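Accompanying notes for the structure given below.
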Amino acid sequence: MIMDFLRTVVGLVTFHPILFGHAVEGISLSKEQDAEFERELMTINKPAVKTIKTKHGHIYDCVNIHEQPALDNPLLKNHKVQMTPSSALLKNLRSSSSNKSSSIANPAKIGLEIKCPKGTVVIQRTTKEDLIRAKYHFRRHLLDDADPGSGYSTSSYGYDFAGIYLKPDANKKYYGVGATIAIYKPVTISGQISAALIRLESGGPGYGGFVETGWMVNPDLYNDDRARLFTKWSQVNNGRVSGCYNTDCPGFVVQSSSIPLNAYFANFTTVRGVLPRKQYEYRFSIKQDSSTGNIWAFINNGNVALGYWPKELFTNLGNGADTVYWGGMVYSNLPKSPPMGSGGRFKDGNYDRTCYMKQMSVRTVPGAPFVTADDALVLYKDSRCYGAADYGNVEGWGYRFLFGGKGGNYEIRGCKDLA
């Protein structure tokens with residue numbers, strides 16, 4: 001669905017292999033491009049009410065909620081910041097969080113130790129290097145983006161998806177998606193990404209859009225190998241792509257005062273060790289506010305609102321999504337693909353050593369409570385080196401499934417490893 005028309009995209013920034021000026025990880029810029037990045041940085045980094053520096057050297061600014069970078073998007077010129085979810089959505093959240101089946105066994109620790117003052121939100125300060133990496137890698141990945149329903153991109157390298165999705169139905173729309181996801185930290189190197197995500201998607205070639213959230217290991221974007229929280233959005237209009245990760249472009253309206261969009265998970269499940277081992281997990285959900293049309297991202301059983309994607313960013317998601325996805329997504333521009341999920345051998349039925357999602361739910365009526373995924377509409381997708389299996393309703397788990405794989409060499413046939 002997405003794959004074909006993204007190849008017509010005009011790049012966000014044109015990069016040349018040999019030019020003078022600023023350089024990041026082999027990406028060289030001309031003086032004109034360098035100056036443009038400087039101008040953009042002045043727009044992105046807003047005046048801080050307070051600055052927080054972590055022990056890892058990250059700098060976060062506490063920015064007035066009404067002056068955050070998202071509002072610089074021309075589409076949001078007349079947008080009024082929604083300070084909290086509507087009363088109807090809050091009621092729905094309370095109902096969901098009180099449901100015992102939505103409990104998290106061992107929640108992973110995430111977020112800053114110090115909160116931003118009231119009326120401000122936490123946003124990581126962007127450096128020129130951060131901005132270059134974000135634009136370059138978002139553009140490069142979109143050019144190779146796969147429709148998750150197809151399982152993988154048609155090029156030799158690119159994206160691979162393994163998971164489940166709901167069969168599109170012309171008479172059905174989706175207004176939310178949620179899942180509790182096991183947290184792992186698969187080993188990746190530069191040129192690779194490994195993520196576990198949930199996604200709402202709508203539209204087709206030339207006008208498709210999606211929003212997603214979950215955890216991701218992305219050395220090129222974050223300059224480390226940690227599993228980090230992320231959000232991502234994209235909208236295509238006549239072959240032109242808008243969107244980005246987190247707050248790397250104006251769009252996502254931040255609401256949290258203590259959990260940055262790129263925060264890392266301090267705890268994660270390991271494959272090695274004596275069974276039973278502690279398995280860390282976290283709840284992610286995306287819910288459209290029926291009162292405003294804005295699409296909210298929540299974590300921790302809906303108790304923490306990360307923020308929202310304003311309805312003005314999209315041409316079709318405002319009226320609900322055509323389908324939803326749960327699963328693992330990897331990317332590689334190298335012959336070898338990275339591990340997905342737990343990073344170990346995919347084993348059908350082994351929840352101790354394989355990444356999983358559970359308590360999977362969707363919202364099929366605006367403003368209504370979440371319901372379990374309809375088994376009659378569930379389709380699963382394996383990919384070249386990855387698998388998804390053991391899906392279904394299980395007492396105490398809700399709707400669940402396993403996904404992952406060790407990865408492999410795209411140029412060697414038979415790299416799929418599901419044994």
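The set of residues in segment 92-120 that are touching a helix residue (DSSP H, G or I) at 6+ places or on another chain (Cβ under 7 Å), modelled with pLDDT of 65 or more and surrounded by 20 or more Cβ atoms within 10 Å (Cβ to Cβ) contains only THR120. Filtering HIS56, HIS66 for residues that are outside any strand (DSSP E or B), at pLDDT 85 or above and surrounded by fewer than 15 Cβ atoms within 10 Å (Cβ to Cβ) leaves a single hit, HIS66.
The residue of segment 397-419 that is surrounded by the fewest Cβ atoms within 10 Å (Cβ to Cβ), among those that are modelled with pLDDT of 85 or more and out of contact with any strand residue (DSSP E or B) (no Cβ under 6 Å at 6 or more places or on another chain), is LYS406.
For segment 176-211, the set of residues classified as closer than 26 Å to GLY396 by Cα, charged (D, E, K, R) and open to solvent by less than 10 Å² (accessible area, probe 1.4 Å) consists of ARG199 only. Would you mind stating whether SER242 is surrounded by fewer than 20 Cβ atoms within 10 Å (Cβ to Cβ) and touching a Leu at 6+ places or on another chain (Cβ under 6 Å)? When the stated conditions are applied, SER242 does not pass them.
Within segment 309-330, the set of residues being open to solvent by less than 10 Å² (accessible area, probe 1.4 Å), at pLDDT below 95 and either under 16 Å from LYS80 (Cα atoms) or more than 18 Å from the chain's Cα centre (by Cα) (or both) comprises just one member, GLY320.
Answer yes or no as to whether LYS358 is within 18 Å of the chain's Cα centre (by Cα), over 15 Å from LEU166 (Cα atoms) and of a type outside the set (Asp, Glu). Yes. Residues in segment 121-133 that are under 19 Å from the mean Cα position of the chain (by Cα) and farther than 12 Å from ILE44 by Cα were compared, and the one that is surrounded by the fewest Cβ atoms within 10 Å (Cβ to Cβ) is ARG133. Restricting attention to segment 36-53, the residues that are in contact with a Cys (Cβ under 9 Å, 6 or more places away or on another chain), open to solvent by less than 80 Å² (accessible area, probe 1.4 Å) and either of a type in the set (A, V, I, L, M, F, W, C) or modelled with pLDDT under 90 (or both) total 3.
Annotation note: of VAL236, VAL274, the sole residue that is farther than 26 Å from ASN319 by Cα, hydrophobic (A, V, I, L, M, F, W, C) and modelled with pLDDT under 90 is VAL274.
Residues that are basic (Lys, Arg) and modelled with pLDDT of 80 or more occur at least once in segment 121-143.
Assessment of segment 218-228 against the conditions (within 16 Å of ALA297 (Cα to Cα), among the hydrophobic types (A, V, I, L, M, F, W, C), within 17 Å of the chain's Cα centre (by Cα) and open to solvent by less than 10 Å² (accessible area, probe 1.4 Å)) yields no matching residue. Scanning segment 334-349 for residues that are in a loop (DSSP other than H, G, I, E, B) and modelled with pLDDT of 85 or more gives LEU334, SER337, PRO338, PRO339, GLY341, SER342. Of all residues being part of a strand (DSSP E or B) and hydrophobic (A, V, I, L, M, F, W, C) in segment 165-184, which is farthest from TYR280 (Cα to Cα)? Just the residue, please. Result: LEU166.
Considering segment 366-411, the qualifying strands (runs of 3 or more DSSP E), each wholly inside and each with 3 or more residues that are within 30 Å of ILE189 (Cα to Cα), run over 387-394, 398-404.
In a residue-by-residue description of segment 285-308, the property of being surrounded by fewer than 18 Cβ atoms within 10 Å (Cβ to Cβ), closer than 22 Å to ASN262 by Cα and more than 17 Å from the chain's Cα centre (by Cα) applies to at least one position. Tell me which residues, restricted to segment 349-387, are open to solvent by less than 10 Å² (accessible area, probe 1.4 Å) and farther than 18 Å from LEU200 by Cβ. Hits for segment 349-387 are THR354, CYS355, TYR356, SER383, CYS385, TYR386, GLY387. One residue stands out in segment 69-91 among those that are open to solvent by less than 40 Å² (accessible area, probe 1.4 Å) and assigned to a loop (DSSP other than H, G, I, E, B): the one that is modelled with the lowest pLDDT, namely SER86.
The values are calculated or read from the model by the stated rules, or taken from the named source; none is laboratory data. These numbers were taken from a predicted model, which means no experiment stands behind them. Neighbour counts run over all protein chains shown; Cβ positions are idealised from the backbone, glycine included. Protein only, heavy atoms only, side chains kept; ligands, DNA and RNA dropped before computing areas. Shrake-Rupley method; radii C 1.70, N 1.55, O 1.52, S 1.80 Å.
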